[in-house]
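Engineer: Dropping the structure in here first, questions after.
The values are calculated or read from the model by the stated rules, or taken from the named source; none is laboratory data. If you're wondering where the values come from, they're calculated on a predicted model, not measured in any experiment. Here the Cβ is made from the backbone with ideal geometry for all residues, glycine too, and neighbour counts use every protein chain on show.
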Amino acid sequence: MTLDPQTFYERARQISSADGRLPKPSAAEWDVFPFEYDSLVTKRLEPPVLPEPPRRGEDPSECWRCQNQQDGVVWRNDRWLLVRLAEPIGLPFLAMVMPREHLDLGDLDDAAAAELGLIVVRLDRAVRALGGIGRVHVNKWGDGGAHLHVFVIARPEGLLQLRGSELALWEEMLPRYPQDLVDDGLERVAADLAGWDGVALPRESW
């Protein structure tokens, strides 16, 4: 049993300020938070939208990934892809693990779920082996696109302000990482995965 959306919203309004703003999150006081606490103004929480609008690519025939299976793929096996981001990134490694089939997380059968776990663990090892990596983070959101995409994100070693859940925010503000080094890292990680299973795609095909 969960609160219905309107009740959830009304409870949030009860703890909001007179002009409808929620209190600042405790994360805003963390040393890894990328913005200064006193300068923050929280947005007003908007009422629930029901039914929710569809995500991009709910229908496989309209899913960009399903229609572009090879685009940006650096490694693949029978069921999974490792995909580079199309735009330049601000970190040494940032890529997505995606199923070849049009599935979301809850759609995975036990075999696919177990394989995803193995891939993520092997990616952690392969990315850390690049050197200069402090930690590898794994994030799954899913409110934008319907085709499952699990982000694998590397934090540079020693950059302690970039620790934890705020890394994705910092990434957007950092200068773009040298593309040749990004591509070298992707190539090495793909080759490492291919030593276990699947194939690494040649760089010119990315």
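Engineer: What residue, among those in the range 64-82 that are in contact (Cβ under 8 Å) with a residue 60 or more places away in the chain and within 18 Å of Lys140 (Cα to Cα), is surrounded by the fewest Cβ atoms within 10 Å (Cβ to Cβ)?
Structural biologist: Ranking the candidates gives Trp80 first.
Engineer: To continue, here is another question. Considering only the range 97-134, how many residues are in a helix (DSSP H, G or I), free of Cβ contacts under 8 Å to residues at least 12 places away in the same chain and among the small types (Gly, Ala, Ser)?
Structural biologist: Count: 5.
Engineer: Identify the single condition in (1) surrounded by fewer than 17 Cβ atoms within 10 Å (Cβ to Cβ); (2) in a helix (DSSP H, G or I) that Pro175 does not satisfy, given that it satisfies every other one.
Structural biologist: Unmet condition: (2).
Engineer: Return the residues of the range 178-206 that are in a helix (DSSP H, G or I) and touching a strand residue (DSSP E or B) at 6+ places or on another chain (Cβ under 6 Å); say none if nothing qualifies.
Structural biologist: Within the range 178-206, Leu186, Ala190, Ala191, Leu193, Ala194 qualify.
Engineer: Taking only the range 40-55 into account, find how many residues are loosely packed, with under 13 Cβ neighbours inside 10 Å and touching a residue at least 60 places away in the same chain (Cβ under 8 Å).
Structural biologist: 1
Engineer: On the given criteria, is Arg128 buried (at least 18 other Cβ atoms within 10 Å of the Cβ) and basic (Lys, Arg)?
Structural biologist: no
Engineer: Sticking with this one: Scan Leu167, Leu174, Leu159, Leu181 and give me the residue that is touching a Lys or Arg at 6+ places or on another chain (Cβ under 8 Å) and either in the same structural domain as Gly117 (by TED's automatic domain parsing) or at pLDDT below 95 (or both).
Structural biologist: Selected residue: Leu167, the only one of Leu167, Leu174, Leu159, Leu181 that is touching a Lys or Arg at 6+ places or on another chain (Cβ under 8 Å) and either in the same structural domain as Gly117 (by TED's automatic domain parsing) or at pLDDT below 95 (or both).
Engineer: Report yes if Leu22 is without any contact (Cβ under 8 Å) to a residue 24 or more places away in the chain, surrounded by 11 or more Cβ atoms within 10 Å (Cβ to Cβ) and within 21 Å of the chain's Cα centre (by Cα), otherwise no.
Structural biologist: It is false that Leu22 is without any contact (Cβ under 8 Å) to a residue 24 or more places away in the chain, surrounded by 11 or more Cβ atoms within 10 Å (Cβ to Cβ) and within 21 Å of the chain's Cα centre (by Cα).
Engineer: What do you reckon, is Val32 surrounded by 12 or more Cβ atoms within 10 Å (Cβ to Cβ), of a type outside the set (Asp, Glu) and not assigned by TED's automatic domain parsing to the domain that holds Val138?
Structural biologist: Yes.
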